[in-house]
Structures are given as C-alpha cells and as structure tokens.
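Quick notes on the structure that follows.
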Amino acid sequence: MTAAAKKRAVISSGRAERPRESFSPKKHWGKNLLVELGFLGIILLCFLTVKILPFLLSFGYAFTDWNGISSQISFTGVDNYVQMLADKDFWNSLWFTLRFCGCSILLTNVLGFFLAFCLNKPLRMRGILRAGFYIPNVLGGLVLGFIWQFIFTKVFPAIGKATGIGFFNLMWLGTPATSFWGLVMVDVWCSLGYYMLLYLAGLSAIPSDCLEAAHIDGAGGWQTLTKVTLPLLMPTITRCLFLSITSSFRVYTLNMSLTNGGPYLSSEAITMNIYRTAFTENQMGYGSAKSLVFMLIVVAITGIQVALTSRKEVSM
Amino acid sequence: MIAVHRHPATLSGQRHGRILLEIGLCVLLLIGLLPFFILLLNSFKDMMGIAKNILGWPNPFKLSNYARAFEKLSYPRSFFNTLLVTLLGNAGLIIFGSMAGYRLNRAPTVFNKIVYLLLLASMAIPFEAVMIPLMKVSSAVGLTKSLGGLGICYWGMGASTCIFLTHGAVKGIPYDLEEAAIIDGCGPFKTFWRVIFPLLRTTVVTYTILNTFWFWNDYLMPQLMLGGDKQIYTIQLSMRSLFLEYYAMWDVALAALVISLLPTVIFFLIAQKYILSGLTAGAIKG
C-alpha cells in the first residue's frame, strides 16, 4: 500500500462507519431497478447459471440413473446412496483425500507461517527470498504434475545412485506410501509461497508497540509468539485455513498428472473418483450423488473450521 | 525497534543468529528451486543424455527439442487461445465484479444482502462438486465448445471472490466522495467509474493477478468445456495430448514443459512488485 493510500484508509475508516444522515448513495440510487440491473445484472446472471443452478440441479440428478446421454432419466430414489455404501473405491478415495488434506493443510500452514515469521525479520536478502519462495506457486495444472513426475521417476533415482541416500532410492510413485507422500510434497512445494505471503501480510499488520510492550513486560521470544503474535494473527489463520482446506480437497489435476491414481487406485483422490464415475463410466446420476456427499463434507469441515478459529480472534 | 532495549552483547548475538538464519533460508531456497534448474538443464539433452547424464551439463547441447515441442503443442495457437480466455475472464471480472461489489455494499437492500450472503456461501462449494450439472447447463445455453463461453463461465466461477474483495474495499471509502460527484451532476455509473473505481485499484489488481494464474493454469474446466476440438485447445490441454502421444519421451516433453511455464514465470517477474506486496490486500480485512 502506498503512503497516500494508507492515509486515505485512515481518514476514511473513521467516517465511512458513520454516514451523515443527509446523504447516502442507497437513498439516491438504492431503489432504482435499472441501476441495480446495470451494476449486478450480468455477473449475477453468470453466477446463477454456472454455480447456483448446477448446485441445485445436482440435488435432482443425485436421485436418478441419468447416464449423461440418454433423454430417458428415471427416478431411482436413494439407490445411488445404497450403491455408494458398498463402493469400496469411493470410500478409499475419501479416506485418501482426508489424509492428504490433513497433511497438506498442516504442512503448508506451519511451514508458510515459519517462512513468513523468518522473512518478517529485517534480513538483507528478504526481497529475493520472498520472491524465490513464491515462484513455485506460478506453476499449476498439468505442468506441475508432469515436472515432478520427471523428478520422481528420473532425477531421484539418479541422485540416489550418485549419493546412496536412501530417501532418493525409494520407489517414488511406485508404492501407495510414496505416491501419497509424493503428492503431499509437490502440493506443499507449490502452494507454500502463497500462504507465506498471506501470513507475511498478517504479521506486518501487527502493530510493533504490542510486541514492544510484551518485550518490556519481560516476555521471551516463545511467549511473545504464542501469547501475542498468534492470537493477533487469528484472522489471517482463519483465512489461510479456509483457503487451504478448500483448495486441498479439490486436488484433481495434480493427482491426475502426477500419479493418475496409481498404483492400483491407491492414490485416487475423491474428485478423481467422481470424475471417473461421471465422465469415464458415464454414470452422471451416481457421480452427482458422490459430488453431493463430497460437497457436504467440504462445507461441513470449512464451516466447523471458520466457527472454531474465528471464535479465537481477539480485538486489539 | 525491539533491539534498542537490548544489551549490546545480546544484540551481536542476535545479529549472528540472523546471519545464520539468512544462510539457512538461502540454502532452503536453492533446494526449493532445484527442480527448475534440473528441468531446464535436461530440456537441452537428447534421450541418451537424459538416460545417462541426468545431473550433468547438456552434451551435446540440443535445441531441436524445443522446435519439436513448439510444433507438437501448436504453441502459437495454444498460447493465443489461453491468452484469449484469460483476457476475457479478467475483463469481465474487472468490470462487472467491481461494479457488483460496489453496488452490494452501497445499496444494502434486503435482496442485495441475500445476494451477498449467497455469494459468500458459494465460496465453499468446490467446482468439482458442480461440474456434472454444469456441463449440462452450459451446453444448454451454448457456452461449451468455445473459448468465449469458457471465459464467460469464469465470470460466474470467479464472481464471489472478486465481489467479496471489492465489497471490503468499498467499505473503507467515505461517502463524501460520492456526494461530491452527485452534486457535480454525475449519475451512478459515472460516479462509480470516475470516482470509486480508481480507488479500488489495489484490490482489482490483486484479484486480477490471482485470476490470471488461475485461468492460465486451469485444466479441468477447459477440458470439460472445450471438448475435443484441437483448434481451441489451451496450453494445458495441448500439454495433455502431447503427453498422451509422447509418453516417457522426456526430451520433447521437458522442452514443452519449459515453454508452457515460461509465460507464467514472465508474468510473475513483470507483476512481481504487485504480487509480493499487493496479493494480500484482502488478507487482513478478510
């Protein structure tokens, strides 16, 4: 933020909350339908069409046997859910996703905070380090997975041969365990930089007088961190956790391009399972039922997380 | 600063600690960026070189991988297709996203409050959970199998984040500015574009950068929406068909990977200043 923008924000924050009685834009234009349409019409139409309508439709599809092509769609009640209960692949993929999300969320947030904490200190090469740690985040999609496929299957064995370090001689991507940790590693490597930036912003927003006060009161480094910094950082933590939960549950492209579910579907995440059911096996109805369960899980987990962490937020 | 209160001995101790920390972080960074170097290095080798000498300098030094990758990806076409989708997606979200965020904040009618809550709540719905019906809906309204349609779908998909961020930024702008504009005879749209929008610059730049990476790197949505027509493939889709055709042919594949990630790296270097300082505009308020 530039100095001018900061000044503006300071000036404005006092006034915006107490609008004068005589004027508000709401009074002027609030009821004008044409203005409302002009401002909101197009984006709202798009939003309703591509997000809300499909969302509502998925409730309907989930109770049918629709195959995606035929116009003959029959209502099958809870058959899809009964089928799901016996679908071992689905439960395995759900369990895999939960484990993957747990590890990836924990590692990205802890390491992201650690990097931000270090790079918030007045280091000489701070700018370069920040930029450098962010760079992997510009990769995405298939490119990310394909690069690491090369590294795991070609480069790691070569390093292992040259140095004899056991870590590199593991059968990377060849066993369920190495596939799992390979995915976690690449995901963390890629997303770390973004969370580092978010935590850095949170840390730099903590007023230095709070930290000084803690120091004068005799708090050590660890005490300051746990008793002052972290509580004041709760809004950032809430946001970072929300973002990392929603993004790690959605892992699909990385999963597909790195392990493609292998070996033997052991590293198949839930989105990949849904994709396979719906678009490879053409069971759109059944796929919708699975998506619905998936969506409920994500909404429930993020809901619980936001409720828990935002309750811990303190005001300065 | 905190250090001022400290005894000189602890101060120098702290300085040593800092230098060690800095060295540690540099080493960590070098390890973290190693994949890029290895990728670049091996993209100049032939299959023999990759098999025998994966960690060494390319010998012979081959540029032909790049020529083949360029051709196999139909690079210019894929590049412009991706660019088109990214530009269209961004244009819509910059224009309509910021307008909507402004309106929802400044005209808090019951309807608008519900709309805003709906937008917020929808952030928890993953794309993968609605993709099946989305295919049906978008083909019914004619958005599939075209780059323009894909761009427009991004407007709907990206709406919540952009509106959420602008909504927050508008909160901090005093009414006085709008009042002055109205007295000067500006209508609602002119007021927004002339007075408010320039003040939202940081926020708009923030989400536009994030969206650019998203649109550019997205794979699943283009794959579902664009179908099998190679003429409208984005870089990510061309990449997939190259890998299907050249499985384990790493010489061509690595060169292709390098030229596909090049645009994002260049974009990062150009927008670096905004990314490292500005990407977080919404982080504190959120």
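The values are calculated or read from the model by the stated rules, or taken from the named source; none is laboratory data. Note that this is a predicted model, so its numbers are computed, not measured. When we count neighbours, we look across all protein chains shown, and the Cβ atoms used for this are built from the backbone with ideal geometry, even at glycine. Calculation scope for accessible area: heavy atoms of the full protein, side chains included, ligands and nucleic acids excluded. Shrake-Rupley method; radii C 1.70, N 1.55, O 1.52, S 1.80 Å.
Report, in listed order, any pair from A:Lys227/B:Lys171; A:Lys51/B:Lys113; B:Lys52/B:Lys72; A:Lys161/B:Lys52; A:Lys312/B:Lys171; A:Lys51/B:Lys171 with a Cα-Cα distance greater than 22 Å. Result: A:Lys227/B:Lys171; B:Lys52/B:Lys72; A:Lys312/B:Lys171; A:Lys51/B:Lys171 exceed 22 Å.
In deg cm²/dmol, rounded to 500, what helix-only [θ] at 222 nm does the protein assembly as shown give when every DSSP H run of at least 4 residues adds -39500 (n - 2.57) and the total is split over its residues?
Values: 32 runs with 422 residues, N = 602.
Rounded to the nearest 500, it is -22500 deg cm²/dmol.
Cα centroid distance between the range A:266-316 and the range B:21-45, in Å? One Cα centre to the other: 35 Å. Which shape class, rounded, prolate or oblate, goes with the protein assembly as shown when its Cα gyration tensor gives a ≥ b ≥ c as root eigenvalues, a/c under 1.5 marks rounded, and past that a/b bigger than b/c marks prolate? Judged from the Cα gyration tensor, the protein assembly as shown comes out oblate (a/c at least 1.5, b/c at or above a/b). Amide H contacts of A:Thr64: A:Thr76, each under 5 Å away and 5 or more positions distant or on a separate chain (H built 1.01 Å from N in the peptide plane; Pro and chain starts excluded). Considering only alpha-carbon pairs that sit under 8 angstrom and 6 or more positions apart, the relative contact order computed for chain B is 29 percent. The A-B contact accounts for approximately 9600 Å² of buried accessible area, totalled over both chains at a 1.4 Å probe radius.
Per residue of peptide B:174-185, the mean number of Cβ atoms on other chains within 10 Å of the residue Cβ is 4.
When chain B is treated as a Gaussian network with alpha carbon springs shorter than 10 Å, the biggest mean-square fluctuation among B:Pro188, B:Pro222, B:Pro76 belongs to B:Pro188. If you run the Gaussian network model on chain A, springs between alpha carbon atoms under 10 Å, then out of A:Ser248, A:Ser257, A:Ser204 the most flexible one is A:Ser204.
Report the calculated FRET efficiency for A:Phe117 and B:Met47 (r = Cβ-Cβ distance, R0 = 60 Å), to the nearest 0.05.
Working: r = 45 Å, r/R0 = 0.75.
Efficiency computed from Cβ-Cβ geometry: 0.85.
Once you sort the root eigenvalues of the Cα gyration tensor of the range A:81-311 as a ≥ b ≥ c, which label holds: rounded (a/c under 1.5), prolate (a/b larger than b/c) or oblate (the other case)?
Working: a/c = 2.63, a/b = 1.45, b/c = 1.81.
It comes out oblate by the Cα gyration axes.
Hull volume per residue, based on the alpha-carbon atoms of the range A:272-316 and their convex hull, is 66 Å³.
For chymotrypsin sites (Phe, Trp or Tyr not before Pro), the sites in the range A:192-290 that DSSP calls loop and that have at most 11 other Cβ atoms within 10 Å are A:Tyr264. Along the range B:16-22 the Karplus relation, 6.51 cos²θ - 1.76 cosθ + 1.60 evaluated at θ = phi - 60°, assigns HN-Hα couplings of 4, x, 5, 5, 4, 4, 5 Hz to successive residues, with x for each Gly and Pro.
I need the shape label for the range B:66-285. Rule: rounded when a/c is under 1.5, else prolate if a/b > b/c, else oblate, with a, b, c from the alpha carbon gyration tensor. Mind showing how you got there, number by number?
Values: a/c = 2.58, a/b = 1.84, b/c = 1.40.
In terms of gyration-tensor shape, prolate.
For the range B:231-267 versus the range B:97-137, the spacing of their alpha-carbon centroids is 34 Å. Taking 13 Å as the straight-line reach from the Cα of A:Lys154, the aspartates and glutamates in range (excluding those fewer than 8 positions away in the same chain) are B:Asp251.
Using C-alpha pairs under 8 Å with a sequence gap of at least 6, the mean separation divided by the residue count of the range B:128-269 gives a relative contact order of 26 percent.
Give me a single rounded figure for A:284-296: the average over its residues of other chain Cβ atoms within 10 Å of their Cβ.
On the way: counts 4, 1, 1, 3, 5, 1, 2, 8, 2, 1, 3, 6, 1.
Average neighbour count from other chains, rounded to a whole number: 3.
Computed over chain A, relative contact order equals 27 percent, with contacts defined as Cα pairs under 8 Å that lie 6+ residues apart. Here the range A:81-311 has 67 percent of its accessible surface on carbon and sulfur atoms, given a 1.4 Å probe and all protein chains in place. Over the range A:73-195, accessible surface divided per residue gives 44 Å², non-protein components excluded, 1.4 Å probe. Karplus-derived 3J(HN,Hα) values for the range A:147-164, using 6.51 cos²θ - 1.76 cosθ + 1.60 with θ = phi - 60°, are 4, 6, 4, 4, 5, 5, 8, 10, 6, 4, x, 5, 5, x, 5, 6, 10, x Hz; glycine and proline are entered as x.
Considering every residue in B:99-110, what mean count of other chain Cβ atoms within 10 Å of its Cβ is obtained? Don't skip to the answer; put the middle values down first.
Values: counts 6, 7, 3, 3, 10, 3, 3, 7, 13, 3, 4, 0.
Mean number of neighbouring Cβ atoms from other chains: 5.
Surface listing: B:His16, A:His215 arranged by accessible area from highest to lowest gives B:His16, A:His215, probe 1.4 Å. Rounded to the nearest whole Hz, the Karplus-based 3J(HN,Hα) values (6.51 cos²θ - 1.76 cosθ + 1.60, θ = phi - 60°) of the range B:194-199 follow the sequence 7, 9, 7, 3, x, 6, with x at glycine and proline.
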